Amino acid sequence: MAVREILKMGDARLLRVAQPVPSSLFASGEIEALVADMLDTMKAASGAGIAAPQIGVDLRVVIFGGTGKNPRYPDAPEIPFTVLCNPVIEPLGDEKTSGWEGCLSVPGLRGEVPRFERLRYSGLDQTGTRFERTVDGFHARVVQHECDHLDGILYPQRVEDLTQFGFTDVLFPAVAV
């Protein structure tokens with residue numbers, strides 16, 4: 001459909017709590033159109049995921065995965081393409097793992113962020129059908145990162161050690177994308 005502008009850190013719209021998707025938007029086809037724009041935008045930016053607030057849409061919709069090997073995360077396992085509306089996340093245990101994250105709204109920077117290692121997530125797909133999955137590792141990290149956008153949280157707010165936050169080309173000169 002269309003590649004949209006990605007809002008950057010500092011834009012107040014990224015700090016809002018997004019609104020739940022009402023059932024009427026599934027029936028009208030508006031969610032499918034939004035998802036098409038989000039997918040075009042995510043692919044154009046080589047993203048692993050994107051949230052509706054990142055393109056200025058105040059709805060609880062995220063998409064992730066499905067683009068094959070990602071040049072921004074070359075060692076990460078592939079994740080199935082997922083549309084997740086009105087998500088609910090349930091950590092499965094207290095174990096957290098720190099890992100490097102980047103963000104399309106925070107270009108050129110990376111930070112090490114602790115995230116729950118295992119979780120169950122549920123929500124609605126682009127047709128309004130409920131589903132749930134239990135995941136771990138990188139998949140769990142991506143879900144948490146994208147869903148944070150729905151609550152107005154950018155990953156730098158979760159970095160605990162600022163010595164592990166910086167410009168990608170300085171931190172990882174051989175793989176900077």
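The values are calculated or read from the model by the stated rules, or taken from the named source; none is laboratory data. None of the values given here were measured: they were computed from a predicted structure. All Cβ positions, even for glycine, are placed from backbone atoms using ideal geometry, and neighbour counts span all protein chains on display.
A quick yes/no check of all residues on (1) closer than 23 Å to GLU117 by Cβ; (2) free of Cβ contacts under 8 Å to residues at least 40 places away in the same chain:
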| position | (1), (2) |
| --- | --- |
| VAL3 | no, no |
| LYS8 | no, no |
| ALA76 | yes, no |
| ILE79 | yes, no |
| CYS85 | no, no |
| LYS96 | yes, yes |
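Filtering segment 17-33 to residues that are touching a residue at least 24 places away in the same chain (Cβ under 8 Å) and in a helix (DSSP H, G or I) leaves SER23, LEU25, PHE26, ALA27, ILE31, GLU32, ALA33. When only residues in segment 125-153 that are crowded, with 20+ Cβ neighbours inside 10 Å and aliphatic (A, V, I, L, M) count, which is nearest to LEU34 (Cα to Cα)? For segment 125-153, the residue satisfying everything is LEU150. Of all the listed residues (LEU84, LEU7, LEU14, LEU39), the sole one being of a type in the set (A, V, I, L, M, F, W, C) and part of a loop (DSSP other than H, G, I, E, B) is LEU7.
The strands (runs of 3 or more DSSP E) found entirely in segment 116-177 that carry 2 or more residues being of a type in the set (Asp, Glu) are 130-136. The numbered conditions (1) in contact (Cβ under 8 Å) with a residue 60 or more places away in the chain; (2) under 20 Å from LEU124 (Cα atoms); (3) out of contact with any helix residue (DSSP H, G or I) (no Cβ under 8 Å at 6 or more places or on another chain); (4) among the hydrophobic types (A, V, I, L, M, F, W, C) are all true for ALA36 except (1).
Selection within segment 98-137: residues that are touching a residue at least 60 places away in the same chain (Cβ under 8 Å) and aliphatic (A, V, I, L, M). The member of this set that is nearest to VAL62 (Cα to Cα) is LEU124.
For GLY102, are the conditions met, namely being at pLDDT 95 or above, part of a strand (DSSP E or B) and surrounded by 15 or more Cβ atoms within 10 Å (Cβ to Cβ)? It is true that GLY102 is at pLDDT 95 or above, part of a strand (DSSP E or B) and surrounded by 15 or more Cβ atoms within 10 Å (Cβ to Cβ).
Considering the conditions (1) more than 26 Å from ASP11 (Cα to Cα); (2) outside any strand (DSSP E or B); (3) out of contact with any Leu (no Cβ under 9 Å at 6 or more places or on another chain), THR97 is excluded by exactly one of them, (2).
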